[in-house]
1. Using the count of nearby Cβ atoms within 10 Å as a rough guide to exposure, how do I135, I191 rank from fewest to most?
2. For P103, what charge total do you get from the other residues with a beta carbon under 11 Å from its beta carbon, if Lys and Arg give +1 and Asp and Glu give -1?
3. For the range 103-194, calculate the relative contact order in percent as a whole number, restricting contacts to Cα pairs under 8 Å that are 6 or more residues apart.
4. Counting Lys +1, Arg +1, Asp -1, Glu -1, what net charge surrounds V188 among other residues with beta carbon under 14 Å of its beta carbon?
5. Quick check on the range 92-195: what are the equivalent-ellipsoid semi-axes from the Cα gyration tensor, as sqrt(5λ), descending, whole Å?
Amino acid sequence: MLLGELLKRLTRDVQKILSVSTETSHSSTKTNLPEPTIAEDTAQLLPVVTVDYLSPTTSDQAHISLLNIVEDKFMINVSMLQDELQNFVSGTSDIQGAALVSPDGLALASVLPGGMDEERTAAMSASMLSLGERIGRELVRGNVERIVVEGEKGYGVLVACGSDAVLLVLAGAGVKQGLLFLEVKRAVSRIAPLLA
């Protein structure tokens with residue numbers, strides 16, 4: 001996942017800077033500072049940055065502030081993604097739910113009908129996209145634009161939302177397919193910039 005990987009890389013770089021600044025600022029008395037760690041809550045994918053040390057220097061505080069800024073930006077993006085999905089589902093007739101899923105099968109944001117398991121839905125969506133892409137290659141059909149599952153109670157539509165996410169849209173049986181695909185395309189154009 002791009003955002004999680006970016007945060008991990010940034011933390012690793014800050015750890016290197018902290019160790020260099022610790023060695024130079026405390027050359028006479030060595031202080032081993034614990035490294036910042038990031039824990040990801042897989043349900044919300046909001047990073048938690050923890051740093052424990054006894055006597056912070058000004059340089060250390062500046063680096064910790066940088067981590068907090070990155071954490072705040074990431075939290076805003078998740079919140080914005082959730083809001084965008086909520087607006088899409090509530091503002092479009094016959095749309096019953098939507099979920100934004102990483103290619104690894106983790107839910108980034110979702111507005112699903114009651115009774116649907118978010119984790120299971122995310123995992124199935126990623127699997128379905130992977131299988132659809134493989135089928136597209138085997139049948140020499142090129143890149144897959146969307147995968148549509150049509151059942152007696154409605155539709156499930158999967159579309160790529162950039163290279164880092166997949167959008168699953170659930171729609172009722174009465175929806176007109178052309179309008180559904182148009183609304184999905186509009187939703188992707190609003191969501192994709194939030195993933196950058």
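Every read-out reported here was derived from the displayed coordinates using simple, explicitly stated rules and does not represent laboratory data. Computed from a predicted model, the values in this text were never measured in an experiment. When we count neighbours, we look across all protein chains shown, and the Cβ atoms used for this are built from the backbone with ideal geometry, even at glycine.
1. By the 10 Å Cβ count, ascending: I135, I191.
2. Working: positive: none; negative: D104, E133, D164.
Net of charged neighbours comes to -3.
3. It rounds to 18 percent for the range 103-194.
4. Summing Lys and Arg as +1 and Asp and Glu as -1 gives 0.
5. Semi-axes, largest first: 19, 16, 15 Å.
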